[in-house]
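Notes follow the structure.
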Amino acid sequence: MTIQDSGIGISLDDQQGLFRPFTRLPSAGTEGGSGLGLSLVKTVVERHGGRVTVDSVLGQGAIFGIHMPADRPL
C-alpha cells in the first residue's frame, strides 16, 4: 500500500529520524501532533513481518509505503 501527498516534502536528513517516537519535523510548524503516529505504524507493521518506507523530495511531497509479506497471514 502507498500513501502519497503533495506537501512540502521531507529532506533526506529529516527522513533518517522520521520514525523515532516523539519526533516532529521543524517544518511541521504549528500543526498539531505528538510525533507518535509514524513510530506506531512502523512498530505494528514490523511486528507483522512488514516494513515501512518513505520516498520524498523537498517541494514534491512524500510517498510512504507499507509492505507486507504475502505468505504470512495477519
* **Accessible solvent surface per residue of the chain, calculated while the other protein chains remain in place, 1.4 angstrom probe, Å²** => 72 Å²
* **Most to least accessible of Leu25, Leu58 (protein chains only, probe 1.4 Å)** => Leu58, Leu25
* To do: Could you list which residues have their amide H under 5 Å from that of Val54, counting only those 5 or more apart in sequence or on another chain, with H placed in the peptide plane?
  => Gly65
* Provide the net charge surrounding Leu58, with neighbours chosen by a C-beta distance below 11 Å and charges set as Lys +1, Arg +1, Asp -1, Glu -1. => -2
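Taking 22 Å as R0, compute the FRET efficiency from the Cβ-Cβ separation of Met68 and Ser39 and round it to 0.05.
Here the calculated transfer efficiency is 0.75.
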* Asked: Nearest 10 degrees, 0 to 90: what angle lies between the long axis of helix 37-47 and the longest principal axis of the chain (Cα atoms)?
  -> 20 degrees
* Structure fact -> Taking the reciprocal of mean 1/r across every pair of different Cα atoms in the chain, the Kirkwood radius in Å is 13.2 Å
* To do: Give me the percent of the accessible area of the chain that comes from carbon and sulfur atoms, probe 1.4 Å, all protein chains in place.
  => 56 percent
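The values are calculated or read from the model by the stated rules, or taken from the named source; none is laboratory data. Fair warning: this is a prediction, and the values are worked out from it, not measured in the lab. FYI the Cβ positions are ideal-geometry reconstructions off the backbone, even for glycines, and counts take in every protein chain you see. These accessible areas exclude ligands, DNA and RNA; they are computed on the full protein's heavy atoms, side chains included. Shrake-Rupley method; radii C 1.70, N 1.55, O 1.52, S 1.80 Å.
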